[in-house]
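See below for the structure under consideration.
The values are calculated or read from the model by the stated rules, or taken from the named source; none is laboratory data. Please read all numbers here as calculations on a predicted model, not as lab measurements. Glycine gets a Cβ as well: all are built from the backbone with ideal geometry, and neighbour counts include every protein chain shown. Heavy atoms of the whole protein, side chains included, go into the accessibility calculation; ligands, DNA and RNA do not. Shrake-Rupley method; radii C 1.70, N 1.55, O 1.52, S 1.80 Å.
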Amino acid sequence: MEIPSKYEHSNIEKKWYQFWLDKNYFHSEPDDREPYSIVIPPPNVTGVLHMGHMLNNTIQDILVRRARMLGKNVVWVPGTDHASIATEAKVVAKLKNDGIDKNNLTREEFLNHAWEWKEKHGGIILQQLKKLGASCDWRRESFTMDENLSKSVLKVFVELYNKGLIYRGIRMVNWDPQAKTAVSDEEVIYTEENSKLYYVRYKIVGEENYLIVATTRPETILGDTAVCVNPHDKRYQYLKGKKVIVPLVNREVPIISDEYVDMEFGTGCLKITPAHDINDYEIGIKHNLATIDIFNDDGTINEAGQMFVGIDRFETRNLSVEELKRQNLIEKIEEYQNKVGRSERTNSVIEPKLSIQWFLKMEELARPALQAVETDEIKIIPTKYKNVYRHWMENVKDWCISRQLWWGHRIPAFYISKTNEFVVADNIENALELAKQKTKNPNLTENDLQQDEDVLDTWFSSWLWPISVFNGILEPDNTEFKYYYPTNDLVTAPEILFFWVARMIIAGYEFSGEKPFSNVYLTGIVRDKLKRKMSKSLGNSPDPLELIEKFGADGVRFGMLCCSPAGGDLLYDDSYPEQGRNFSNKIWNAFRLVKNWEISDSIQQPKSSKIGVEWLNHKLNFTIEQLNSCFDNFRLSEALMTIYKFFWDDFSAWYLEIIKPEYQKPVDLTTYNQTINLFKKIIKLISPFMPFISEELWQFLKNDEDKESIVIESWTKNEKFDNQFISQFEDCQQIISNIRTIRKEKNIPQKNSLKLFINSHSDYISKFDSVIIKMTNLESIELTDRKIEQASSFIVKANEFFIPIGNLINKEEELEKLQSELKYSEGFLKSISGKLSNEKFVNNAPANVIEIERKKLTDAEAKIKILKEQIENLR
């Protein structure tokens with residue numbers, strides 16, 4: 001097979017991904033092997049690939065590909081989330097463009113449009129993931145509104161209701177006026193925003209005086225039903241039992257007292273609007289106040305407001321202020337900064353609103369999920385998020401699970417006509433039987449039942465995801481669920497630790513009796529160089545598909561991971577995938593170099609090559625041990641850089657130079673075969689990170705005994721390695737580097753051979769001489785017991801090395817270099833001495849570590865002695 005001169009990623013990626021699919025490598029069925037299962041965090045069906053997806057799925061694919069190479073039976077389940085709010089908004093917008101108003105459609109008609117839109121546009125992101133190389137089991141692709149997953153959601157709702165954990169009630173909820181639905185506390189994002197504080201006059205009934213009340217929301221004055229002061233506030237104690245007149249609507253309301261009021265805020269007087277503030281609502285209940293809801297679902301004023309009916313709340317704010325000014329009821333207006341809650345989905349300002357909703361009691365359900373993380377039955381990586389998780393679980397509130405939408409899982413509650421009763425059942429047939437029992441009316445028909453109009457919160461389906469994708473809710477004893485569940489690892493973003501992760505853990509213990517996964521790996525957030533979160537609105541997020549086109553999928557995977565420590569934010573720059581593309585080219589060119597050598601089976605293996613092979617084998621096995629440790633501890637960025645540095649430095653810069661044949665001469669067959677074998681081992685280690693170039697090279701490298709694809713090859717096993725050999729070779733590398741530095745400083749061409757003399761040679765290891773001679777073009781290496789005149793010198797460990805260079809020696813330069821080296825060595829000695837004089841270190845460090853530090857101390861003292869002698873001789 002001819003090896004192209006350049007690595008062209010585009011055609012190669014398409015070719016090998018299709019090959020993998022055709023060979024069915026990503027599909028899994030239960031068998032006798034150890035399973036490794038992982039479920040994709042289902043992206044919104046409306047979604048397209050963004051940088052966060054790229055990072056998350058790159059990490060998942062690396063874990064999956066390595067597990068497959070470790071011989072495990074791997075399943076990576078892909079799928080999408082129906083995303084009630086986002087999808088309904090998309091469909092409504094599409095209908096509007098077509099001249100269709102949702103309000104003119106029946107529920108069934110709208111859902112037909114929604115399903116049509118989903119089939120046409122949904123799941124694009126999964127196709128895009130294939131371009132990244134995601135090795136998902138595509139035959140298992142799931143959607144949260146698939147039949148079995150939907151049935152699972154309804155079954156769970158019914159079970160929880162029957163346990164008394166789901167209830168229906170009027171509560172203050174977070175209302176999104178744009179989406180016209182309630183959202184949970186966790187879906188509200190609070191930001192500091194510039195606002196105004198309005199000081200408004202409320203006339204005291206029976207007096208000419210006014211109370212001054214400070215508010216940031218003058219539009220809600222229309223719903224005021226009291227003014228509250230702190231009972232300990234001496235300024236207002238005389239007002240006990242009196243009333244004020246609410247501006248604009250001229251409503252008489254009581255002045256009440258409650259310790260909730262902060263005497264230091266504003267004037268110490270608080271207007272109470274029970275329908276539109278959670279704290280006012282609680283005070284309203286406590287003091288038996290009237291509740292006046294002045295807002296329509298879209299945030300406009302309703303008839304109860306008496307003024308500005310049909311006008312948007314923010315426009316009403318402006319109109320209210322104008323009218324208050326006209327009536328001389330504004331005392332003053334101040335600039336003010338306060339926290340404003342916005343809907344995570346639409347960015348609309350949240351409106352606290354009293355509403356009949358469905359809730360799930362969470363306190364009891366949360367206990368096993370909290371204990372699982374506290375005891376490390378489930379590990380959160382990085383561990384700093386364990387405290388965040390604990391705080392949320394210890395302060396968990398009841399979950400508002402109903403949404404005023406049509407797209408989603410419709411709440412399985414059925415209201416019985418001509419009664420105030422309802423029943424909960426997973427279908428209308430079962431509901432009818434329950435209704436007959438409840439009303440003792442056997443003549444009821446399905447026409448007497450009306451199903452609840454609301455749908456369930458999207459998270460109420462995705463919290464079952466690790467269970468429902470294996471049909472573990474409907475058939476808990478099925479083979480697949482028992483084999484693949486619990487899953488192994490979950491890779492997701494920290495911002496959905498509460499929305500999704502905690503709830504999945506809760507669901508796991510509640511519905512299966514065990515954890516849903518063992519490890520939760522939380523990625524960082526992808527940011528730009530200015531540390532801003534990447535977003536379309538800022539225009540700072542590159543198109544991932546364009547990046548793949550430019551740098552290749554392997555380059556992009558490398559770029560996403562090389563600067564992404566676990567839980568740490570990724571400060572993205574195009575230089576990272578460019579570095580990945582350069583690494584691909586480096587691997588390709590190194591392979592071409594080896595493959596293009598002429599081979600001879602008639603020449604002996606040079607001693608230098610034999611040493612080089614032995615060293616690289618030791619270093620490779622040491623590197624594999626490091627890699628495995630990184631994987632075990634989810635240090636994936638470190639794992640990538642470990643194999644990157646090994647290939648770039650150890651293999652390419654050192655090993656290939658050691659074994660490279662002389663110009664226009666062949667390489668011996670033994671060295672060639674050993675090198676190809678080493679290349680195969682290395683490329684297998686690279687393949688989880690960069691699968692496409694690895695597969696392309698594997699096809700050139702493999703023989704009849706190897707697997708047909710690197711995807712199903714075995715992970716390179718680490719064998720025993722000699723740490724002492726590796727350390728000794730590092731000394732050899734230092735010697736070579738020093739000689740190269742002398743050549744460079746003195747402008748001595750590489751073709752000119754040199755002599756090397758070694759003094760203080762008691763611990764000098766001569767077995768690497770052949771490597772030193774070849775790499776630096778030495779005529780000879782000789783031991784001596786004296787200083788060599790007119791020579792450049794350097795020190796490695798306790799050995800002094802001399803390169804005779806005749807009149808090329810510059811006394812001043814040499815003296816300056818030695819003094820600089822002496823200064824550094826004395827600092828190093830001080831550092832080591834300090835460490836060894838530290839009792840805590842000496843008492844707690846392993847014996848071998850102490851021994852290494854003592855050896856460093858001895859070597860540093862010997863080196864300082866030699867340096868001082870050299871300086872003295874030059875003076």
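Take every Cα pair under 8 Å whose residues are at least 6 apart in sequence, average their separation, divide by the length of the range 159-292, and the relative contact order is 22 percent.
For residue 163 and residue 479, the FRET efficiency from 1/(1 + (r/R0)^6), where r spans their Cβ atoms and R0 equals 25 Å, is about 0.30.
A simple spin-label model places the labels of residue 763 and residue 116 8.2 nm from each other, with each point 7 Å out along Cα-to-Cβ. Over the chain, Cα pairs under 8 Å with separation of 6+ residues give a relative contact order of 12 percent. Structural descriptor for the range 299-344: relative contact order 21 percent, calculated from alpha carbon pairs under 8 angstrom and at least 6 residues apart. Of all DSSP bridge pairs formed entirely within the chain, close to 70 percent run antiparallel.
Round to the nearest 10 and give me the degree value, 0 to 90, for the angle of helix 313-326's Cα axis relative to the longest principal axis of the chain. The angle comes out near 60 degrees. Here the simple spin-label model places points 7 Å from the Cα toward Cβ, and for residue 780 and residue 5 these points are separated by 4.6 nm. Round to a whole number: what % of the accessible area of the range 1-128 belongs to carbon and sulfur, probe 1.4 Å? For the range 1-128, the apolar C and S fraction of the accessible surface comes to 48 percent.
Estimated at 0.36 nm per residue, the fully extended path between residue 377 and residue 32 surpasses their Cα-Cα distance by 121.7 nm. Calculated mean residue ellipticity at 222 nm for the chain: -13500 deg cm²/dmol, from DSSP H runs with n ≥ 4 weighted as -39500 (n - 2.57), summed, divided by the residue count and rounded to 500.
The peptide list 441-449, 511-519, put in order of mean Cβ contacts within 10 Å with the highest first, becomes 511-519, 441-449. Helix 811-836 and the longest principal axis of the Cα set of the chain meet at an angle near 60°. With θ taken as phi - 60° and the Karplus curve 6.51 cos²θ - 1.76 cosθ + 1.60 applied, the whole-hertz 3J(HN,Hα) list for the range 354-365 is 7, 7, 7, 9, 9, 10, 10, 5, 10, 4, 5, 5 Hz, x standing for glycine and proline. Maximal additional length on extending the residue 699-residue 597 stretch stands at 34.9 nm, based on 0.36 nm per residue less the C-alpha distance.
Here's the picture: charge each Lys and Arg Cβ at +1 and each Asp and Glu Cβ at -1 in the range 321-470, and of 462, 408, 444 the one pushed furthest to the positive end of that dipole is 462.
Checking the cross-link pairs 645/755; 755/787; 607/645; 607/702; 607/665 against a 22 Å limit on the alpha carbon distance flags 645/755; 607/645; 607/702 as lying beyond it.
Relative to the longest principal axis of the Cα atoms of the chain, helix 384-394 runs at roughly 20 degrees.
At 1.4 Å probe radius, can you tell me the per residue accessible area of the chain in Å²?
Per-residue value: 47 Å².
On the range 777-846, 48 percent of the accessible area sits on carbon and sulfur atoms, based on a 1.4 Å probe.
Modelled spin-label separation between residue 334 and residue 787, with each label point placed 7 Å from Cα along the Cα-to-Cβ direction: 8.0 nm. Across the range 628-636, rounded Karplus estimates of 3J(HN,Hα) from the backbone phi angles (6.51 cos²θ - 1.76 cosθ + 1.60, θ = phi - 60°) give 4, 5, 4, 5, 4, 10, 6, 9, 6 Hz, Gly and Pro being marked x.
Could you list which residues have their amide H under 5 Å from that of residue 354, counting only those 5 or more apart in sequence or on another chain, with H placed in the peptide plane? Close amide H contacts, sequence-distant or interchain: 173. Straight-line cross-link partners of residue 15 among the aspartates and glutamates, defined as a Cα under 13 Å from its Cα and at least 8 positions apart when in the same chain: 695, 696. Only beta bridges with both residues in the range 409-548 are counted; by DSSP, about 65 percent of them are antiparallel.
Among the chymotrypsin sites (Phe, Trp or Tyr not before Pro) found in the range 592-645, not one is both in a DSSP coil and sparsely packed, with 14 or fewer other Cβ atoms within 10 Å of its Cβ. A Förster radius of 35 Å combined with the Cβ-Cβ distance from residue 394 to residue 178 puts the calculated FRET efficiency at roughly 0.60. Within the shell of other residues whose beta carbon sits under 12 angstrom from the beta carbon of residue 397, the net charge comes to -3, with Lys and Arg scored +1 and Asp and Glu -1.
For the peptides 398-407, 833-842, residues were scored by their other Cβ atoms within 10 Å and the scores averaged per peptide; the highest-first order is 398-407, 833-842.
Taking a virtual spin label 7 Å from the Cα of residue 70 along the C-beta vector, which residues in the range 616-645 bring their backbone nitrogen under 20 Å of it? So the set is 621-644.
Mind sorting out which of [x] 122, 80, 61; [y] 94, 77, 57; [z] 112, 66, 54 is the real Cα extents along the principal axes in Å computed from the coordinates? Calculated Cα extents along the principal axes in Å: the matching label is [z]. For the pair residue 429 and residue 195, a Förster radius of 60 Å applied to the C-beta separation gives a FRET efficiency near 0.65, rounded to the nearest 0.05.
Gain on full extension, evaluated as 0.36 nm per residue between residue 242 and residue 751 minus their Cα-Cα distance, stands at 172.8 nm. Residues whose amide H comes within less than 5 Å of that of residue 491, counting only those at least five positions distant or on another chain, are 521 (H built at 1.01 Å from N in the peptide plane).
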